[in-house]
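**Q** Sharing a structure below in structure tokens format, with a few things to ask.
The values are calculated or read from the model by the stated rules, or taken from the named source; none is laboratory data. Keep in mind that what you see is a predicted model, and the values were worked out from it rather than measured. Cβ: placed from backbone, ideal geometry, glycine included. Neighbour counts: every protein chain shown.
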Amino acid sequence: MNDSVILPEGLTKAEFTKAIEAFRAVVGVDNVIVDLDRLVPYTKIMIPEDERLHQPSAVIIPLTVDHVQKVVGLANQYKTPLWPISTGRNFGYGSAAPATAGQIVIDLRRMNRIIEVDAEMCTALVEPGVTYEQLRNYIEERNLPLWLSFPSSGPIAGPVGNTLDRGIGYNRYGEHMAHFCGLEVVLPNGDLVRTAMGGVKGGAAWQAYRWGYGPWVDGLFSQSNLGIVTKMGLWLMRKPPASMTFTAVWNHIEGAAKGVEALRNLRLNNVLENSLLGHVLYGVACEVPRTALYNGAGAIPDEVIAEIARKAGAPIWNAIATLYGTQEQIAVNFKIVKEAFEPTGAILLTEDQVGPNRFFRHWQGAMTGRPDLVEFGLYNYRGGGGSVWFSPLAPARAEDFKKQVGLVKTTLAEFGFDYLAGFLVGGRHMEHVCEIAFDRTDGEEMQRAYRCYDKLLKVNAEAGYAVYRTNTAFMNKVADIYGPAQKKFNQTLKRALDPNGVIAPGKSGIFA
């Protein structure tokens, strides 16, 4: 074993070697990795911290639930912490690397069975290694009338990991945490539990009814370290008879703020079932490197952004949504939409009026079950492989929209970073999703990105806002923002279910 391997805390090299031999006896020699060169994919991160702070000691790749149970049992025996991942493509949030160095990554990618897709009930049951692309191909090959909701990472991410981290998609079922149904979980003691109706022998309604009997425990396994999810039920959107994507655009923030109010009310009245509102620079950054736009010091000035938008024939703010139903329903609802947006001063364009705009077509695809990798162009904007997402949550009100834009944009500019962001507007809330693009090969810039994120947390907390998910470098700080009572409650649960602290210590700031 290489002397450079970072051992789990408290273990000697001899103890660790013995544990590795035991794990290999369960999953096979080739499915336990300790060689540093083979650990590189699990160590590579995009967030602004040194990779050594998140370097795993080993990787275990199980194939079956029985493997997972036995690995967890051995982890308790040898006191080796396990960091579960599904596809490991949580870019900008920590990727596949653990929260703290020395943990053993348990990579569930080989557990990639699509167990069932029920077209009549619009449900699926999948293992954690299943990707959105794999599930979409399965549906299309069988010509099933179903659409997936998926995040911006689209084809290469997976529904289990994304849902458990409270990721978001763009169609009718875009709030992923609200549209899973039933989990199979290996608990920290190795026991296997099926939540909700899954405990009933035969489990006929496992993917049909979320709540089961007694306390609803499924939420305990979201953003937590209380178990390893080995199966998840999903609700899928039935493909509608027709759909129509449209956009509403403004060149000033006051109009966009009124647009937030319109989107909120349309969502609350179920006229719209999805909506997002983005800044022009986000879309431009997905297609053009920064050097082609601006070479000055600091963040790109507003007047330069306005000129970039003018040359591109694009608005500063752009809302996009899709109507679903019959042609008759869509016609009626679009009339309601037009009346709602008229007081905002928006220019409203249908998909036919927009024409062959690549970025518009990307969002249309996201809202109609067609994933792509267009947004990955964002990682070429600054260069250098650095990315960290800052995602505060706010009420869907005009005043909060303007306050969020001001807080985030001002803080980014203070540290020399551009405002690359958009809002996913729900019925009562909106997620403000902001990308900090930086050069990881530049030590000063990486430190600046870290300080920027840190201050973004602080100024938002002072204003009553907090992120709804975060990266592995800031989990403890975010947990502090949510208060000591919640931290103590989470620790109480952790100590009760996982006294040895073997499942993902540090996840969401939770330790035994």
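**Q** Would you mention how many residues in segment 55-76 are out of contact with any Gly (no Cβ under 7 Å at 6 or more places or on another chain) and either crowded, with 21+ Cβ neighbours inside 10 Å or of a type in the set (A, V, I, L, M) (or both)? Even if it seems obvious, please write down each step before you answer.
**A** Start the filter on segment 55-76 by keeping residues that are out of contact with any Gly (no Cβ under 7 Å at 6 or more places or on another chain), which leaves 55-56, 58-68, 70-71, 74-76.
After this cut, where a residue has to be either crowded, with 21+ Cβ neighbours inside 10 Å or of a type in the set (A, V, I, L, M) (or both) as well, the list is 55-56, 58-63, 65, 67-68, 71, 74-75.
Result for segment 55-76: 14.
**Q** Among the candidates 142, 172, single out the residue that is more than 28 Å from residue 331 (Cα to Cα) and in contact with a strand residue (DSSP E or B) (Cβ under 9 Å, 6 or more places away or on another chain). Walk me through it before giving the result.
**A** Values: 172 fails: more than 28 Å from residue 331 (Cα to Cα).
Exactly one residue qualifies, and that residue is 142.
**Q** Only one residue in 32, 40 is assigned by TED's automatic domain parsing to the domain that holds residue 77, touching a helix residue (DSSP H, G or I) at 6+ places or on another chain (Cβ under 7 Å) and either crowded, with 21+ Cβ neighbours inside 10 Å or free of Cβ contacts under 8 Å to residues at least 60 places away in the same chain (or both). Which one?
**A** Details: 40 fails: touching a helix residue (DSSP H, G or I) at 6+ places or on another chain (Cβ under 7 Å).
Among 32, 40, only 32 is assigned by TED's automatic domain parsing to the domain that holds residue 77, touching a helix residue (DSSP H, G or I) at 6+ places or on another chain (Cβ under 7 Å) and either crowded, with 21+ Cβ neighbours inside 10 Å or free of Cβ contacts under 8 Å to residues at least 60 places away in the same chain (or both).
**Q** If I ask for residues that are modelled with pLDDT under 95, of a type outside the set (A, V, I, L, M, F, W, C) and assigned to a helix (DSSP H, G or I), which ones from segment 311-343 would you list?
**A** 311
**Q** Right, next: Tell me, which residue of segment 344-381 that is surrounded by fewer than 17 Cβ atoms within 10 Å (Cβ to Cβ) and touching a Gly at 6+ places or on another chain (Cβ under 7 Å) is modelled with the highest pLDDT?
**A** By that ranking, first place goes to 345.
This table checks each residue for (1) basic (Lys, Arg); (2) assigned to a loop (DSSP other than H, G, I, E, B); (3) buried (at least 17 other Cβ atoms within 10 Å of the Cβ).
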| position | (1), (2), (3) |
| --- | --- |
| 46 | no, yes, yes |
| 99 | no, yes, yes |
| 115 | no, no, no |
| 120 | no, yes, no |
| 137 | no, no, no |
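**Q** Looking at segment 387-427 only, could you name the residues that are within 22 Å of residue 286 (Cα to Cα) and in a loop (DSSP other than H, G, I, E, B)?
**A** Scanning segment 387-427 gives 391, 415, 416, 417, 418, 419.
**Q** Here is a follow-up. For segment 402-414, indicate whether the set of residues that are of a type in the set (Gly, Ala, Ser), surrounded by fewer than 16 Cβ atoms within 10 Å (Cβ to Cβ) and outside the structural domain of residue 254 (by TED's automatic domain parsing) is non-empty.
**A** No, segment 402-414 has no match at all.
**Q** Which of the residues belonging to segment 15-29 are surrounded by 14 or more Cβ atoms within 10 Å (Cβ to Cβ), aliphatic (A, V, I, L, M) and without any contact (Cβ under 8 Å) to a residue 24 or more places away in the chain?
**A** None - no residue of segment 15-29 is surrounded by 14 or more Cβ atoms within 10 Å (Cβ to Cβ), aliphatic (A, V, I, L, M) and without any contact (Cβ under 8 Å) to a residue 24 or more places away in the chain, so the list stays empty.
**Q** Condition (residue is not acidic (Asp, Glu) and not in a loop (DSSP other than H, G, I, E, B)) applied to segment 203-218: is it met by at least one residue? Reasoning before the result, please.
**A** Going through segment 203-218, the residues not acidic (Asp, Glu) turn out to be 203-217.
Next cut, not in a loop (DSSP other than H, G, I, E, B) only: none.
The answer is no, given that none of the residues of segment 203-218 is not acidic (Asp, Glu) and not in a loop (DSSP other than H, G, I, E, B).
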